[in-house]
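Undergrad: This is the structure I want to talk about, given as structure tokens.
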Amino acid sequence: MIRHIVFFTARSADDLDTVYDGLSLLTGIPDKLHLEVGRNLKTDPLPGDSPDFVVYGEFTDEAQLAAFKAHPLYQRSIEIVRPLRDLRIAADYTSG
């Protein structure tokens, strides 16, 4: 299994809802085992910047992850989110 985790920060607090809605489009893509989009609760007591959103997904293998990224909703999400985001950090790792 591949776990896919991406952190996002919006450039402006005014865009938080739009970024969230754009990321939430990803949940409509069928090529996945599991996908969540969440707002960071920002409860970490250490000072410093933290992301606004987390996208967490689980995929059977690299082929399923590639199919997920090839879906039209993935492209639509990028079109909405990319102009409004400041930070994007992604990591994929195998599990199990």
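The values are calculated or read from the model by the stated rules, or taken from the named source; none is laboratory data. All values reported here derive from a predicted model rather than from experimental measurement. Using ideal geometry, Cβ is built from the backbone for each residue, glycine included, and neighbour counts are taken over all protein chains shown.
Undergrad: Could you check region 50-61 and list, in sequence order, the residues that are more than 11 Å from D31 (Cα to Cα) and either hydroxyl-bearing (S, T, Y) or out of contact with any helix residue (DSSP H, G or I) (no Cβ under 8 Å at 6 or more places or on another chain) (or both)? Please lay out each step first, then the result.
TA: Step one: filter region 50-61 for residues more than 11 Å from D31 (Cα to Cα), giving 50-56.
Across region 50-61, the qualifying residues are S50, P51, V54, Y56.
Undergrad: Let me ask something else. Can you find even one residue in region 84-96 that is surrounded by 14 or more Cβ atoms within 10 Å (Cβ to Cβ) and of a type in the set (F, W, Y)?
TA: So far as region 84-96 goes, no, none of its residues is surrounded by 14 or more Cβ atoms within 10 Å (Cβ to Cβ) and of a type in the set (F, W, Y).
Undergrad: Is one or more of the residues making up region 59-72 crowded, with 16+ Cβ neighbours inside 10 Å, β-branched (V, I, T) and either closer than 11 Å to H4 by Cα or touching a residue at least 12 places away in the same chain (Cβ under 8 Å) (or both)?
TA: no
Undergrad: Does any residue in region 19-30 that is in contact (Cβ under 8 Å) with a residue 60 or more places away in the chain come within less than 7 Å, Cβ to Cβ, of a residue that is part of a helix (DSSP H, G or I) and surrounded by 15 or more Cβ atoms within 10 Å (Cβ to Cβ) six or more places away or on a different chain, and which pairs are these?
TA: Listed by first residue and then by second, the contacts come to V19/V81; V19/L84; G22/S77; G22/I80; G22/V81.
Undergrad: For region 1-18, give me each residue that is in contact (Cβ under 8 Å) with a residue 24 or more places away in the chain and not in a loop (DSSP other than H, G, I, E, B).
TA: Start the filter on region 1-18 by keeping residues that are in contact (Cβ under 8 Å) with a residue 24 or more places away in the chain, which leaves 1-12, 15-16, 18.
Selection gives I2, R3, H4, I5, V6, F7, F8, T9, A10, D15, L16, T18.
Undergrad: Further question: Can you report the number of residues in region 21-60 which are within 13 Å of F8 (Cα to Cα), part of a strand (DSSP E or B) and either among the small types (G, A, S) or modelled with pLDDT under 95 (or both)?
TA: 1
Yes/no per residue for (1) more than 17 Å from R76 (Cα to Cα); (2) surrounded by fewer than 17 Cβ atoms within 10 Å (Cβ to Cβ):
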residue	(1), (2)
M1	yes, yes
A13	yes, yes
G28	no, yes
L35	no, no
D44	yes, yes
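Undergrad: Can you pull out the residues in region 31-58 that are under 15 Å from M1 (Cβ atoms) and either without any contact (Cβ under 8 Å) to a residue 12 or more places away in the chain or out of contact with any Gly (no Cβ under 9 Å at 6 or more places or on another chain) (or both)?
TA: D31, G57, E58
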